[in-house]
1. Which is of a type outside the set (Asp, Glu), part of a helix (DSSP H, G or I) and open to solvent by 10 Å² or more (accessible area, probe 1.4 Å), of 50, 68?
2. When you scan segment 139-147, do you find a residue that is crowded, with 16+ Cβ neighbours inside 10 Å and either in contact (Cβ under 8 Å) with a residue 40 or more places away in the chain or touching a Lys or Arg at 6+ places or on another chain (Cβ under 8 Å) (or both), even just one?
3. Considering only residues that are of a type in the set (Gly, Ala, Ser) and surrounded by fewer than 16 Cβ atoms within 10 Å (Cβ to Cβ), look in segment 2-25 and name the one that is farthest from residue 187 (Cα to Cα).
4. Out of the residues in segment 78-95 that are within 16 Å of residue 21 (Cα to Cα) and not β-branched (Val, Ile, Thr), state the one that is most open to solvent (accessible area, probe 1.4 Å).
5. Sort through 119, 132 and tell me the only one that's open to solvent by 40 Å² or more (accessible area, probe 1.4 Å), assigned to a loop (DSSP other than H, G, I, E, B) and closer than 21 Å to residue 29 by Cα.
6. What residue, among those in segment 24-46 that are within 8 Å of the chain's Cα centre (by Cα) and part of a loop (DSSP other than H, G, I, E, B), is farthest from residue 85 (Cα to Cα)?
7. Considering only residues that are in a loop (DSSP other than H, G, I, E, B), free of Cβ contacts under 8 Å to residues at least 40 places away in the same chain and open to solvent by 50 Å² or more (accessible area, probe 1.4 Å), look in segment 161-190 and name the one that is nearest to residue 86 (Cα to Cα).
Amino acid sequence: MAFLRTLERRLTAAAGVIPVAVAVNIGVGEVVARLQIPLYLDSVGTVVVAALAGPWAGLITGVLSNLAWGLLLRPTAAPFAITAAIIGLLSGFLAARGVFSDWWRALLGGLLTGLIAAVVSAPIAAYVFGGVTGGGYDLIVALLLAGGRSLIEAVLTQSIITDLADKAITFLLVRAVLQNLPPRYFERFR
């Protein structure tokens, strides 16, 4: 019962932050996709919410971001809501264990999250979209396919490369954001 009260309190505190985080995820993710940069950067808001309000708030933020983005601008984003949910959960659990206390911990947390996100998202990209989802990373898949890799090998390789870099950058960005928030801001999430 104490868990449910804590969860309710954290979600209530996060209710004002989640819509902003969803907008950040969609806005940054869309700009990166349109510029064809071989990254995503569409989970910064999710990781911030997870770090502040816990893994369940991170899960909700990730899922809402991908579903809204998929409905509004980029239909290929919606099926990756499961990946966004896992990113939110994992980053919340890692935050509770102090992953944002040092830059190197944030880097390692980002790499771990990136590896898991790659393994979860690669089958979606390969089997739902044939490896082509409309981002700058599609060129990597095409090069790997041209080099003789199977579709799942090409997409998994691309996902690992891209997600490791993406989540490492995301976690380092989130650490910088958290360090620059005033201490009183954190009190509403305790």
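The values are calculated or read from the model by the stated rules, or taken from the named source; none is laboratory data. Treat the numbers as computed from the prediction; the structure is a model and nothing was measured. For neighbour counting, all protein chains shown are included, and Cβ atoms are generated from backbone atoms with ideal geometry for every residue, glycine included. What goes into the accessible areas is simple: the full protein's heavy atoms, side chains included, and nothing from ligands, DNA or RNA. Shrake-Rupley method; radii C 1.70, N 1.55, O 1.52, S 1.80 Å.
1. The conditions single out 68.
2. Yes, there is a match, as at least one residue in segment 139-147 is crowded, with 16+ Cβ neighbours inside 10 Å and either in contact (Cβ under 8 Å) with a residue 40 or more places away in the chain or touching a Lys or Arg at 6+ places or on another chain (Cβ under 8 Å) (or both).
3. In this case the residue turns out to be 23.
4. This residue is 89.
5. Only one candidate qualifies: 132.
6. By that ranking, first place goes to 41.
7. 190
Rundown of residues vs (1) without any contact (Cβ under 8 Å) to a residue 60 or more places away in the chain; (2) of a type in the set (Val, Ile, Thr); (3) open to solvent by 40 Å² or more (accessible area, probe 1.4 Å), yes/no style:
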site	(1), (2), (3)
27	yes, no, no
44	no, yes, no
73	yes, no, yes
97	yes, no, yes
102	yes, no, yes
